[in-house]
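Report on the following structure.
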């Protein structure tokens, strides 16, 4: 009979079970003698009860300390602050556009260049504007000449009135003398003078009386001519004022060929090049000032303790290593969705409550360092201390 292999299990105080492969043995093999107590495998001793309680106390204290630290961190670093990543930088961006049409003959700025108020940005061909100014000045000179002529005519008409008044006085005197002679001749007609002399005196009296009326009519005509002269002066003065206004308009158009910076800032979004033909109102470039602010769209549930004047720490995504300081300037009176192109209509359809956001304006306490470029549209993360 072939030998067989047997497996014998041996108990161990530490391990759950162990198996050992015994050497081949026949049925006549002698039995293994039992081990003495001194030869038994040593057993690991359990810690005393006092040590187990100490370990539990240390573990409990660690849990309590960790909880207190977490609660302290929350109460100091999280609870007093409200933050949002729905925030961008805003600024008063000024679009620069021409006020006259023409061809750009000179471009004096580049992209992102720093400019100051009054700096010339570009020049438009001034030929047309200069021609209009010359024409307007000529028209003004002609109207001024007509005004001088009207004033001179007024002086002439005033002198003519005096002359006609003197003529009236002379005609009246002559008529009075002729009438007196005619009456005298009539009194002595049948004694000392002939009929022909009497007729001549009577005719002369009537003629001088008619001359008086003629002189009076001339005086009235001279007075009417004086009024015409005064009206001509008023008309000429109005023409001068109109011509002066046309000159000022032409001068403005000529000055508009020089486009200057309306304020200090950076040249951005430049779309014009030298040689381009530009139209009135066409956006050529934009000026972004150094003064900027932040518009943060906080949830309405974050505004319970937020007030104007509270300090703010601003982290700009472009400069994560720099923290800017500011304060809450104001909170918009109304949710942003209400002022959108299509505001929500909660009275129609199924209503689903959505937490709204309100824009909060945050102003920096100091102008940012020139090393850090802050412009409209840059993403920021403001953190407002509300408690």
Residue ID - surrounded by the fewest Cβ atoms within 10 Å (Cβ to Cβ), chosen from residues in region 199-222 that are within 16 Å of residue 161 (Cβ to Cβ) and in contact with a helix residue (DSSP H, G or I) (Cβ under 6 Å, 6 or more places away or on another chain)
216
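Every residue, every condition in (1) within 30 Å of residue 105 (Cβ to Cβ); (2) assigned to a helix (DSSP H, G or I); (3) at pLDDT 85 or above, yes or no:
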{"site": "141", "(1), (2), (3)": "yes, yes, yes"}
{"site": "148", "(1), (2), (3)": "no, yes, yes"}
{"site": "167", "(1), (2), (3)": "no, yes, no"}
{"site": "180", "(1), (2), (3)": "no, yes, no"}
{"site": "185", "(1), (2), (3)": "no, yes, no"}
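Yes/no matrix, rows are residues, columns are (1) loosely packed, with under 13 Cβ neighbours inside 10 Å; (2) within 22 Å of the chain's Cα centre (by Cα); (3) outside any loop (DSSP other than H, G, I, E, B):
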position: 296; (1), (2), (3): no, yes, yes
position: 304; (1), (2), (3): yes, no, no
position: 307; (1), (2), (3): yes, no, no
position: 313; (1), (2), (3): no, no, yes
position: 330; (1), (2), (3): yes, yes, yes
position: 333; (1), (2), (3): yes, yes, no
position: 347; (1), (2), (3): yes, no, no
position: 351; (1), (2), (3): yes, no, no
Determine which member of the set 66, 41 is at pLDDT below 90 and part of a loop (DSSP other than H, G, I, E, B).
41
Total residues in region 314-342, condition without any contact (Cβ under 8 Å) to a residue 40 or more places away in the chain and within 16 Å of residue 368 (Cβ to Cβ):
4
Looking at (1) more than 30 Å from residue 233 (Cβ to Cβ); (2) loosely packed, with under 13 Cβ neighbours inside 10 Å; (3) at pLDDT below 85, find the lone condition where residue 80 falls short.
(2)
Please verify whether residue 300 is farther than 14 Å from residue 109 by Cα, out of contact with any helix residue (DSSP H, G or I) (no Cβ under 9 Å at 6 or more places or on another chain), surrounded by 14 or more Cβ atoms within 10 Å (Cβ to Cβ) and touching a residue at least 24 places away in the same chain (Cβ under 8 Å), treating the condition exactly as stated.
no
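The values are calculated or read from the model by the stated rules, or taken from the named source; none is laboratory data. Everything numeric here is computed off the predicted structure, so don't read it as measured data. For neighbour counting, all protein chains shown are included, and Cβ atoms are generated from backbone atoms with ideal geometry for every residue, glycine included.
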